[in-house]
1. Which of the helices (runs of 4 or more DSSP H) contained wholly in segment B:63-141 include at least 3 residues that are surrounded by 13 or more Cβ atoms within 10 Å (Cβ to Cβ) and outside the structural domain of B:ARG52 (by TED's automatic domain parsing)?
2. Which members of segment A:79-104 meet the condition of being over 8 Å from the mean Cα position of the chain (by Cα) and farther than 20 Å from A:ALA41 by Cβ?
3. Hey, could you check segment B:206-231 for residues that are at pLDDT below 95 and surrounded by fewer than 19 Cβ atoms within 10 Å (Cβ to Cβ) and say which is nearest to the other protein chains (Cβ to nearest Cβ)?
4. Does any residue in segment B:107-125 that is at positive phi come within less than 6 Å, Cβ to Cβ, of a residue that is assigned to a loop (DSSP other than H, G, I, E, B) six or more places away or on a different chain, and which pairs are these?
5. Among the numbered criteria (1) within 22 Å of B:ASP102 (Cα to Cα); (2) hydroxyl-bearing (Ser, Thr, Tyr); (3) surrounded by fewer than 16 Cβ atoms within 10 Å (Cβ to Cβ), which single criterion is violated by B:THR30?
6. Could you grab me the full set of residues in segment B:142-172 that are touching a residue at least 24 places away in the same chain (Cβ under 8 Å), within 12 Å of another protein chain (Cβ to nearest Cβ) and surrounded by fewer than 24 Cβ atoms within 10 Å (Cβ to Cβ)?
7. Out of all the residues in segment A:8-31, which are of a type outside the set (Phe, Trp, Tyr), within 7 Å of chain B (Cβ to nearest Cβ) and crowded, with 18+ Cβ neighbours inside 10 Å?
8. Let me confirm something: among A:GLY49, A:GLY40, which residue is loosely packed, with under 15 Cβ neighbours inside 10 Å and either more than 9 Å from chain B (Cβ to nearest Cβ) or touching a Gly at 6+ places or on another chain (Cβ under 8 Å) (or both)?
Amino acid sequence: MTPRTLPIKKRGFSFEVFMWAFTRFTVFAMYGLILAGIFGALIVSSKTGAGFGDILYWAFFPTLAENPLGQIGMTVLAKLMVISLTLVACGHGVHGVLEIWDDYVTNEGARRWARNIVITYAVAASIIAVYVILSA
Amino acid sequence: MEVTVRIFRYDPEKDQRGHYENYTVEAHETDRVLDVLELVKGHKDGSLAFRRSCAHGVCGSDAMRINGRNALACKTLVRDVGTEIKIEPLLGLKVTKDLIVDMEPFFDNYKKMLPYLINESPLPVDGRERLQSPEQRARFDETTKCILCAACTTACPSFWASEEYYGPAALMAAHRFVFDSRDEGTTQRLEILSETNGTVRCHTAYNCTTACPRGIHITEAIGELKMAMVTGKLD
């Protein structure tokens, strides 16, 4: 009995299916990045003797002069981590909004407009977020 | 024992909107809710309208909301729902009269799944059967149990939001043929399922699985369809 596997062109792989898979992937990616962030913070805290409050402060205000962990700063790796988390969270979030919209609005034109607006917003918000993170 | 039934009533020729009426009947705890409805119709109010046919959980005609849950009246015993029973029509479909709903949108969605075997290949040499191993048959055994009662579809929040969504029962029909090794219409069906009103509208609320009177693991089967679209694996 040979296993039956359809080639990608015959799977009905549409935008909807891609976004469904993407949304699931982004959840796992977010969990992975969050876990990596937590472990990173724990390692930093053990090296510097910083407390939980210091770690939180470092996470949210990494460039402020009064930051007790200011000497560590926001490394390139940390920036990449935050950018990744922002992008997957943004992709996941806006697609969630689109899902809810599509549940209730069945008009083709309204769905197309919503999709365009949401994708434009996602791209714009991602660009702004990346700019803010890189310039931090 | 004395059973009080609160039944949703709506007559489009008389009523602007639906209302509830209470009836008290004598029933045994081993009676079915369908028996109670028959008692009401036979002895209290002959104008009560509800669907029923085989009365043995096979035809799927008497699906309704019993104490807030979708179920078949012929498979629900009085002892399981108590002496105060609230009976309403299925949600998400237009009420035609009393407990009868318009099933057209439900069956329209079902038909979109091409619910029949598609195989244009020449017959085997002996000209008889297209053989299938027990394992291949077992792959879609679960979804062959569907009786199209609509209990699952009308329990689905996505279907309540829009009847354009094909709904769990239609997806079960698709599953039954997509995973059938003899069928050659898989690509057509997967294209239909990948539309905006297809599998992506399922948000795994699990209401369908809970509502199914046949015990089909519907949400799991829908998940298998989703995975088939992503991975292409049909075994």
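1. In segment B:63-141, B:104-112 are the helices (runs of 4 or more DSSP H) which contain 3 or more residues that are surrounded by 13 or more Cβ atoms within 10 Å (Cβ to Cβ) and outside the structural domain of B:ARG52 (by TED's automatic domain parsing).
2. Selection gives A:GLY93, A:VAL94, A:HIS95, A:GLY96, A:VAL97, A:LEU98, A:GLU99, A:ILE100, A:TRP101, A:ASP102, A:ASP103, A:TYR104.
3. B:VAL230
4. Note: pairs meeting the criteria are B:LEU114/B:GLY185.
5. (1)
6. B:PRO157, B:TRP160, B:SER162, B:GLU163, B:GLU164
7. Listed by number, the residues that qualify are A:ARG11, A:GLY12, A:SER14, A:GLU16, A:VAL17.
8. Result: A:GLY49 is the single residue among A:GLY49, A:GLY40 that is loosely packed, with under 15 Cβ neighbours inside 10 Å and either more than 9 Å from chain B (Cβ to nearest Cβ) or touching a Gly at 6+ places or on another chain (Cβ under 8 Å) (or both).
The values are calculated or read from the model by the stated rules, or taken from the named source; none is laboratory data. Keep in mind the model is a prediction, meaning the values are calculated, not measured. Reconstructed Cβ throughout: ideal geometry from the backbone, glycine too, with neighbour counts over all protein chains shown.
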